[in-house]
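Nothing in this text is a laboratory measurement; each read-out follows from the coordinates by a stated rule. Just so you know, these numbers come straight off a predicted model, no measurement behind them. Here the Cβ positions follow ideal geometry from the backbone for every residue, glycine too, while neighbour counts run over all protein chains shown.
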Amino acid sequence: MKELSLNILDIVQNSVKAGATRIEICLEETDERFSFWVRDNGCGMSEELLSRVKDPFATTRTTRNVGLGIPLLTLAAEQTGGGVSIESSTGEDHGTLIRADFNKRHIDFTPLGDIVSTVTTVIQGNPDTDVIFSHSAGEGRVELSTPELREVLDGVSLSEPEVLAWIEENLRGQYDQMRMF
């Protein structure tokens, strides 16, 4: 994929398909490193699927026999000297954690892309799912929590156009502030 934000969107879509009601997206960066992790409380992956999830021919899709999201993310991370790790459980504490690390200074580092649109799209498509987003870079930080928004909105759906416009504007404003640091 041409942008890491699209990889994040792909992972979140898998979380939703796994029945997640809470998805945390955390981005952390320094001058040299970029890392992100996505954690969900979905059904988790079996040990068998977890052992082969980085194989492009391992998928739970019924429409085609390949699943390229995780393999392409792994390739992108490894090309920069980073990597991808995945933890998953189907037990009582079910869910999945995917972490990707990149060397930002490597020529093959994939840009983040439009993460604001990605987060807004996730919320629009899944207004009842708890989404907790954070991005820290140096002294700056961007945060959004849909459980907190729901408290303030008192019954107004997160999928309302005015709410989505506010979410996007709020995130872009936080990024403008973060760039000042």
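What order do you get for I115, I25 when you list them from fewest to most C-beta neighbours inside 10 Å?
With the fewest neighbours first, I115, I25 line up as I115, I25.
Report the Rg/Rh value for the stretch 112-181, based on alpha-carbon coordinates and the Kirkwood definition of Rh.
Here the Rg-to-Rh quotient is 0.97.
Scan the stretch 147-179 for trypsin sites (Lys or Arg not before Pro) in coil per DSSP, keeping those whose Cβ has at most 13 other Cβ atoms within 10 Å, and list them by number.
R179
Positive end of the charge dipole of the stretch 74-136 (Lys, Arg +1 and Asp, Glu -1 on Cβ, about the Cα centre): tell me which of V119, Q79, I132 has its Cα farthest that way.
After comparing all options, I get Q79.
Place +1 on the Cβ of every Lys and Arg and -1 on the Cβ of every Asp and Glu in the stretch 4-178, take the dipole about the Cα centre, and give the residue among W166, P147, V16 whose Cα lies farthest towards its positive end.
Among W166, P147, V16, the one farthest towards the positive end of the dipole of the stretch 4-178 is V16.
Just add up the charged neighbours of V152: K/R +1, D/E -1, any other residue whose Cβ is under 14 Å from the Cβ of V152.
Neighbour charge sum, excluding V152 itself: -4.
Local charge sum around C26 (other residues, Cβ-Cβ under 15 Å, Lys/Arg +1, Asp/Glu -1)?
Overall, the nearby charge balance is -3.
Work out which GluC sites (Glu not before Pro) in the chain are exposed loop sites (DSSP not H, G, I, E or B, at most 12 other Cβ within 10 Å) and give the longest gap free of them.
The answer is 33-91.
How much net charge surrounds K2 when only the other residues with a Cβ under 13 Å from the Cβ of K2 are counted, with Lys and Arg +1 and Asp and Glu -1?
That works out to -4.
About the Cα centre of the stretch 4-178, how large is the charge dipole given +1 on each Lys and Arg Cβ and -1 on each Asp and Glu Cβ? Please answer in debye to the nearest 20. Walk me through the numbers before you get to the answer.
Numbers: 14 positive and 29 negative charges, 141 e Å.
It works out to roughly 680 debye.
How compact and how long is the stretch 4-178, expressed as Rg and Dmax of its alpha-carbon atoms in Å?
Computed over the Cα atoms of the stretch 4-178, radius of gyration and Dmax are 16.4, 47 Å.
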